[in-house]
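The values are calculated or read from the model by the stated rules, or taken from the named source; none is laboratory data. Computed from a prediction, not measured in an experiment: that's the story for all the values here. All Cβ positions, even for glycine, are placed from backbone atoms using ideal geometry, and neighbour counts span all protein chains on display.
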Amino acid sequence: MKTVIKGVFIAAASLSLTFPAWSSSREENARAEIVGSEEAILTDAPAVPPAIKRDHATKVVVHLEVKEVEGRLADGVSYTFWTFGGKVPGKFIRVREGDLVEMHLENHPANKMPHNIDLHAVNGPGGGAAASLTAPGHTSVFSFKALNPGLYVYHCATAPVAMHVANGMYGLILVEPKEGLPKVDREFYVMQGDFYTKGANGEKGLQPFSMEKAINERPEYIVFNGSVGSTTGDQALTANVGEAVRLFVGDGGPNVTSSFHVIGQIFDTVWAEGNMSTPTHNVQTTMIPAGGSAIADFKMSVPGTFIIVDHSLSRAFNRGALAQLKSIGAEDKLIYSGKTSDEVYLPEGTGARVAEQPSKAPPAAKDKSERIKAGEAVFANNCQACHQANGEGVANAFPPLAKSDYLNADKVRAIKTVTGGLEGKLTVNGASFNGVMPAWELPDEDIANVMTYIYNKWGNTGLEVRPSEVQANRVKKN
Amino acid sequence: MSIAVTAIAGTALTAMAATAADMRLASPMASIPAGDYLPFFQQSPGKGKVGVANAPERMRAFRLDAFPVTNGQYLDFVREHPEWRRSRVKPLFADHQYLAHWRGDLELPDDKAASEPVTNVSWFAAEAYCEARGLRLPLTDQWEYALADQGRSQAEVEQQSLDWFSAPNPQRLSAVGQGKPNAYGVYDLVGLVWEWTLDSSSFMTGTEQRNTSSKDDAAFCGSGSIGVRDAANYPAFMRYAMRSSLKANYTVENVGFRCEGDE
């Protein structure tokens, strides 16, 4: 079977056909006979439904429930998300070209809003939106033939469309080519979206939607899979060294595109914009439009933590568009020596970093335990991306805070490091680093809290840092 | 469509005459004076012409319930009009969720519910209630005109709407009249429940909310952003989208109503 396909492909390529030999034409897919019926397997990110083994078209029934739910957008920040299936992004749908897809859009009776669905995989008015406007407590049904293979965004298209999308109403549907995609060991679902909260980035509490910021395209958060830190630490994607990994990546927007990049990886193959006809190879960063997608395949050659970012970098480091892929296995010193210290991507120099200033001063902690608690959120929002949730840092890149000799030796120096930044060679716990720590322009209270948190975690000395000490030792901005 | 719908409702209601009990349904009404009104959806400038240039419409004076109709008031109505009790209502006029939150035909969930807005009522039921009072549902334009309040406090109204959208539905609704009234003395137009209007289900659109080209008539341009007065008014889009998602026999957990009458 494989050989035959390969032969056909070569013949096609030699004729300079741009359409791949393993895809059928729209007309062929329109005519493809429907045999049987099945319920679609739907998954929440980062999971992806299993590859389709069928060798014929069938009727695929998709039940997608719209739910308006309050959830976590960042630590201490909650938001009322409007979702396809309870989470952001919406459920991943996987069908095969030629399939007849029967969509059941169910608007939960407890919802406040009418909703519909526009699937970019549909050839028809509104991509299905014209057939699916649904009041709370009702279900709309329509069907479409999957004529064009590809990875497609779906989203709510009820007016005001930008608001429905800004609240998280998007997901991906894969229309798999007849012959399937090349086999890989692991597939993941990652989708970027921008959020417009009334409060500034980091401001705590249930944040209402800001219409003004949405219209001006000024998001407070730009995140992968629905929240800051959705895919870091314990929730990081994981793979083993030697495995082939595939990312199905979408950008829900509503407004911001993605310069999609995995730090320390080169994509062996990218199906740009989710199109199946022209895979490209050896890609560093692939551009994903709002309302668009990409498929990126690569092999895990060495162990380590690989950081997934929107390489429009303020979005990654200031707005949240950062996820992690951890690879476990044996080192290969030939591929990556692990001894050089200049390979890690650091976007900004000392002092260039302007931390997110909460528009309100944080409430004063009454005692050390309150301070530790408040500091945890500050850590998660500002420090964790580099120093990691377990304080271990990343070898050769970001120094550890856990049992850190540098940290525990000198509290005043530590305050100066946080407030003034640090650049250049540094030895922590016997390991050398040569990077940049930005200066954090956070209020005294936040800095005192986060430092107290750090000092009381991971075998550190348990000191308390008070706001007055931060004020006295703060490195002033020029 | 709306004419047909009204005709059906009218037939269903011809047998009803106002009775003493109907008088109990009376509730305070606000006087809305005549004035100019610029609809959210602009009229088509006509074939071959570009742009929209609408003159404001003249609205006549009318009266509007100061509060949404409550469960308590609606209970009085179904006592007097058994055909609108939950067990007897015709599916054509109300779907299976009709008054689903009540404990029985003539039993509210609890005493508190009497002062909360009635929901899970269909357009037919709402119109029947209003007709029993010698009133009717307000036209969408009248409802929007009352909300526009001659332009007073519109930023506040918009924010109130957005805040309401940003919170999940509460476990139960607040009593009517808890907020502050607008300058006409009308309470709860936004932030409590959606409300039926006389032309709710006919007003809109195809359900494709961005379509601005397939029909000449601006009303059919749905909530596309061309042909609306203010494309940055998200809450207005949301109200029109909600209305267009409803059919006349639908009953929804957060859709209530109030009545309108001549001045």
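Only one of the listed residues (A:Thr269, A:Thr232) is outside the structural domain of A:Met169 (by TED's automatic domain parsing), of a type in the set (Ser, Thr, Tyr) and touching a helix residue (DSSP H, G or I) at 6+ places or on another chain (Cβ under 9 Å). That residue is A:Thr232. Of note, A:Ala162 satisfies the criterion of being modelled with pLDDT under 95 and small (Gly, Ala, Ser). Once region B:158-172 is narrowed to residues that are in contact with a Gly (Cβ under 9 Å, 6 or more places away or on another chain) and surrounded by fewer than 21 Cβ atoms within 10 Å (Cβ to Cβ), the residue that is farthest from the other protein chains (Cβ to nearest Cβ) is B:Gln160.
Results for (1) within 18 Å of the chain's Cα centre (by Cα); (2) basic (Lys, Arg), shown as yes or no for each residue.
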site: B:Phe93; (1), (2): yes, no
site: B:His96; (1), (2): no, no
site: B:Arg103; (1), (2): no, yes
site: B:Val121; (1), (2): yes, no
site: B:Ala125; (1), (2): yes, no
site: B:Ala128; (1), (2): yes, no
site: B:Leu135; (1), (2): yes, no
site: B:Gln142; (1), (2): yes, no
site: B:Leu147; (1), (2): yes, no
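Residues are listed down the side, and each one gets a yes or a no for (1) of a type in the set (Phe, Trp, Tyr); (2) surrounded by fewer than 20 Cβ atoms within 10 Å (Cβ to Cβ); (3) touching a helix residue (DSSP H, G or I) at 6+ places or on another chain (Cβ under 6 Å):
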position: B:Pro68; (1), (2), (3): no, no, no
position: B:Arg79; (1), (2), (3): no, yes, no
position: B:Ala94; (1), (2), (3): no, no, yes
position: B:Val118; (1), (2), (3): no, no, yes
position: B:Ser122; (1), (2), (3): no, no, no
position: B:Ala128; (1), (2), (3): no, no, yes
position: B:Ala132; (1), (2), (3): no, no, yes
position: B:Thr140; (1), (2), (3): no, no, yes
position: B:Gln150; (1), (2), (3): no, yes, no
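As a summary of the residue check, A:Asn148 satisfies the conditions (1) more than 9 Å from every other protein chain (Cβ to nearest Cβ); (2) not in a loop (DSSP other than H, G, I, E, B) except for the one numbered (2). Within region A:89-109, does at least one residue satisfy the condition of being crowded, with 20+ Cβ neighbours inside 10 Å, within 13 Å of chain B (Cβ to nearest Cβ), over 26 Å from A:Ser37 (Cβ atoms) and not hydrophobic (A, V, I, L, M, F, W, C)? Scanning region A:89-109, I find no residue that is crowded, with 20+ Cβ neighbours inside 10 Å, within 13 Å of chain B (Cβ to nearest Cβ), over 26 Å from A:Ser37 (Cβ atoms) and not hydrophobic (A, V, I, L, M, F, W, C), so the answer is no. Is it true that some residue in region A:428-451 is on the phi > 0 side of the Ramachandran plot and either free of Cβ contacts under 8 Å to residues at least 40 places away in the same chain or buried (at least 18 other Cβ atoms within 10 Å of the Cβ) (or both)? Taking every residue of region A:428-451 in turn, at least one turns out to be on the phi > 0 side of the Ramachandran plot and either free of Cβ contacts under 8 Å to residues at least 40 places away in the same chain or buried (at least 18 other Cβ atoms within 10 Å of the Cβ) (or both). So is A:Glu217 surrounded by fewer than 16 Cβ atoms within 10 Å (Cβ to Cβ) and over 13 Å from the mean Cα position of the chain (by Cα) or not? Spelling it out, A:Glu217 is indeed surrounded by fewer than 16 Cβ atoms within 10 Å (Cβ to Cβ) and over 13 Å from the mean Cα position of the chain (by Cα). Here the helices (runs of 4 or more DSSP H) wholly within region A:291-408 that include at least 3 residues being crowded, with 16+ Cβ neighbours inside 10 Å and modelled with pLDDT of 90 or more are A:368-382. Restricting the first member to region A:162-174 and to residues that are more than 9 Å from every other protein chain (Cβ to nearest Cβ) and under 10 Å from A:Phe209 (Cβ atoms), and the second to residues that are part of a helix (DSSP H, G or I) and of a type in the set (A, V, I, L, M, F, W, C), the beta-carbon pairs closer than 9 Å and six or more apart or on different chains are A:Ala166/A:Ala214.
Looking at A:Gly85, A:Gly128 in this structure, which one is closer than 25 Å to A:Glu38 by Cα and either within 14 Å of chain B (Cβ to nearest Cβ) or free of Cβ contacts under 8 Å to residues at least 24 places away in the same chain (or both)?
A:Gly128
When A:Glu203, A:Glu187 are screened for being surrounded by fewer than 24 Cβ atoms within 10 Å (Cβ to Cβ), in contact (Cβ under 8 Å) with a residue 40 or more places away in the chain and not in a strand (DSSP E or B), only A:Glu203 passes.
Yes or no, residue by residue, for (1) at pLDDT 95 or above; (2) within 19 Å of B:Thr251 (Cα to Cα):
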site: B:Pro56; (1), (2): no, no
site: B:Ala61; (1), (2): yes, no
site: B:Pro82; (1), (2): yes, yes
site: B:Arg88; (1), (2): yes, yes
site: B:Pro91; (1), (2): no, yes
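Here A:Asn116 clears all of (1) more than 7 Å from chain B (Cβ to nearest Cβ); (2) surrounded by 24 or more Cβ atoms within 10 Å (Cβ to Cβ); (3) not hydrophobic (A, V, I, L, M, F, W, C) except the condition numbered (1).
Hey, does region B:130-151 have a residue that's within 13 Å of chain A (Cβ to nearest Cβ) and on the phi < 0 side of the Ramachandran plot?
no
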